[in-house]
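The values are calculated or read from the model by the stated rules, or taken from the named source; none is laboratory data. Computed from a predicted model, the values in this text were never measured in an experiment. Virtual Cβ from ideal backbone geometry, glycine too; neighbours counted across all protein chains shown. Side chains are part of the model used for accessible areas, which takes the heavy atoms of the whole protein and leaves out ligands, DNA and RNA. Shrake-Rupley method; radii C 1.70, N 1.55, O 1.52, S 1.80 Å.
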Amino acid sequence: MEINRFFGEFAFLSNFYPCEIVFDGEKYTSVENAYQAAKFADKEYRTLIREVSASKAKKIGRGGKIRGDWEFVKLSIMENLLRQKFDDIKLKKLLLETKENNLVEGNTWSDFYWGVCNGKGENNLGKLLMKIRSELKDNF
């Protein structure tokens, strides 16, 4: 089976799902907020992103001066944020309950890097979630 949308009963897989995340010593209300903040060295952008909804954080993350090494570090930053998210016992249990299902971040907004749109995409978010799930299963 494949889980190809991260909403409804699988909303917890979404980066927009509310959870406490700490990045660079600051608390954020979702993986999305922390991830968008990580794009910037500018503390004002980070503060602004910390105080808004996940969807607003994503919009803010499209502006401003993104750090020069972003393309090289974004995957490892996302992995670290997801590991922190699924360190929560409730979320860990929910992730493990997806068993061996293929996790695909299906979307309609043409995100081909993190997900799959119209059958095309790298699905890096899904791959990271399955990697973390596998490691949690081995150590649970």
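A search for C-beta distances below 7 Å between a residue of segment 36-64 that is in contact (Cβ under 8 Å) with a residue 24 or more places away in the chain and any residue that is of a type in the set (D, E, K, R) and part of a loop (DSSP other than H, G, I, E, B), counting only pairs 6+ apart in sequence or on different chains, returns K39/R67; F40/R67; A41/R67; G61/K39; G64/D42. Any residue in segment 31-50 that is open to solvent by 40 Å² or more (accessible area, probe 1.4 Å) and modelled with pLDDT of 95 or more? There is no residue in segment 31-50 that is open to solvent by 40 Å² or more (accessible area, probe 1.4 Å) and modelled with pLDDT of 95 or more. Restrict the check to segment 55-63 and report whether at least one residue is open to solvent by less than 30 Å² (accessible area, probe 1.4 Å), out of contact with any Cys (no Cβ under 6 Å at 6 or more places or on another chain), hydrophobic (A, V, I, L, M, F, W, C) and under 21 Å from V116 (Cβ atoms). So far as segment 55-63 goes, no, none of its residues is open to solvent by less than 30 Å² (accessible area, probe 1.4 Å), out of contact with any Cys (no Cβ under 6 Å at 6 or more places or on another chain), hydrophobic (A, V, I, L, M, F, W, C) and under 21 Å from V116 (Cβ atoms).
Across segment 74-97, the qualifying residues are those that are open to solvent by 30 Å² or more (accessible area, probe 1.4 Å), in contact (Cβ under 8 Å) with a residue 24 or more places away in the chain and not polar (S, T, N, Q), and the one among them that is nearest to F7 (Cα to Cα) is L94. Checked across segment 66-79, the condition of being small (G, A, S) and closer than 20 Å to F12 by Cβ holds for no residue. All of R5, R67 fail the test of being of a type outside the set (S, T, N, Q) and over 15 Å from the mean Cα position of the chain (by Cα), apart from R67. Quick check, is G126 open to solvent by less than 30 Å² (accessible area, probe 1.4 Å) and either of a type in the set (V, I, T) or in contact with a strand residue (DSSP E or B) (Cβ under 9 Å, 6 or more places away or on another chain) (or both)? Here the answer is yes, as G126 does meet what is asked. Have a look at F23, F12 and point out the one that is closer than 21 Å to D87 by Cβ and touching a strand residue (DSSP E or B) at 6+ places or on another chain (Cβ under 9 Å). Exactly one of F23, F12 is closer than 21 Å to D87 by Cβ and touching a strand residue (DSSP E or B) at 6+ places or on another chain (Cβ under 9 Å), namely F12.
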